[in-house]
Every structure is written in structure tokens, then in C-alpha cells.
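Comments concern the structure below.
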Amino acid sequence: MVNKVILIGNVGMDPEIRVLEGGTKVARLRIATTERIYNPATQERRDHTEWHTVTLWRGLAEVADRYVKKGSQVYVEGKIRSREWEDEATHTKRYAIEIVADNFNLLGRRDSNSSGGGGESSGQGYQGSGSQASSGPRPYVAPQQNSVPQQPDADPYGTSGDDADDLPF
């Protein structure tokens, strides 16, 4: 089974940062993704904006606290989580769906003229606890015309040893 979400969007408000009793930091972001929809019958284009709640833990929360502001453009990979609880005031069941981030990249800011704070340059990536750099989305780079062709008898997967199998990974 796979539970994976990839979002690229803009932060709608400054992150909400909390520190739990044990000292663990958690951040909550609201991220907007916008899809342009074209209706061929009316020949109209309209934008549909979807809002996502993203939760960042520990090192990722620290990065969000230091660098993310309203308007920042971010790349998030994570898992969908649903929660259910009973509202104590009205005794009704409440539901929430959120994204728990595993990987987080600062892509830049929507307003590039603003000053201060990090997060304005692209390519700042964080994964897991925030201690490792992440590659994030990479653009396709076409092979060069003058590249040297690979030897036909070369083993591209390095599986020519005694314990080789037919799997490339």
C-alpha cells in the first residue's frame, strides 16, 4: 500500500509553532495549491484553490520556524493522516485531514522583493529530522549531443558479480 502526497504551493499564514512538554517542536502550516481549470463549453478559465494543513515535526519544524513566512513557496512530501475527536462543547464528532511531512524544501517566496529571513533562495531542502539535504524535484536534463556512448558489453547496473540477480536495484 502507498500513502504518499507531494505538494508544491504557497504558505497562507506564518507557521504555528508549539513545543511539547518533552521539548519536541511541532509546526503547522496552511498551504494553498491552485489548479487552473478550463471549461471548453464556456471557454472560460478559472482557478480552483485547495488548502492543505501540513504538520512538521522536530528538525523540519525548526526549519519552518526559522525560515518559513506567509507567502513562501514550499515543496512538501508526506503522508495523509486523518484524525477524529469529539468536540467537548457540542458533543459532536469532528474530523480533520492533514499531511505529515517527511520531506520539505523551501523553493522561494512569492514576493521576491521582500527583505530579511532565509527561504528566499531556491533549493534549500530538508528531509526526515532536517539534518540531511534533500534533492527535491529535479528538472529533466537532456543528454548532450557529444556524449560518449556506453560500451555495449558494459553492465549498467553493476550486477556482473557472483551474487548478481536480474533486478537492477
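Quick notes on this structure:
- Each residue in the stretch 28-39 was checked for being over 17 Å from I97 (Cβ atoms) and either in contact with a Gly (Cβ under 8 Å, 6 or more places away or on another chain) or modelled with pLDDT of 95 or more (or both), and 1 of them qualify.
- Flag for N105 being more than 14 Å from the chain's Cα centre (by Cα) and of a type in the set (S, T, N, Q): no
- Residue that is over 17 Å from I97 (Cα atoms), without any contact (Cβ under 8 Å) to a residue 40 or more places away in the chain and of a type in the set (A, V, I, L, M), where the choices are L60, L20: L20
- Residues of the stretch 87-122 classified as surrounded by 10 or more Cβ atoms within 10 Å (Cβ to Cβ), charged (D, E, K, R) and at pLDDT below 90, total: 4
- Looking across the stretch 28-64, the residues that are touching a Lys or Arg at 6+ places or on another chain (Cβ under 8 Å) and of a type in the set (D, E) come down to D47, E62.
- Search result, residues across the stretch 8-28 that are under 17 Å from Q73 (Cβ atoms) and in contact with an Asp or Glu (Cβ under 8 Å, 6 or more places away or on another chain): P15, A27
The values are calculated or read from the model by the stated rules, or taken from the named source; none is laboratory data. Bear in mind the structure is a predicted one, so any value in this text is a computation, not a measurement. Note that each Cβ is placed from the backbone with ideal geometry, even for glycine, and that neighbours are counted across all protein chains shown.
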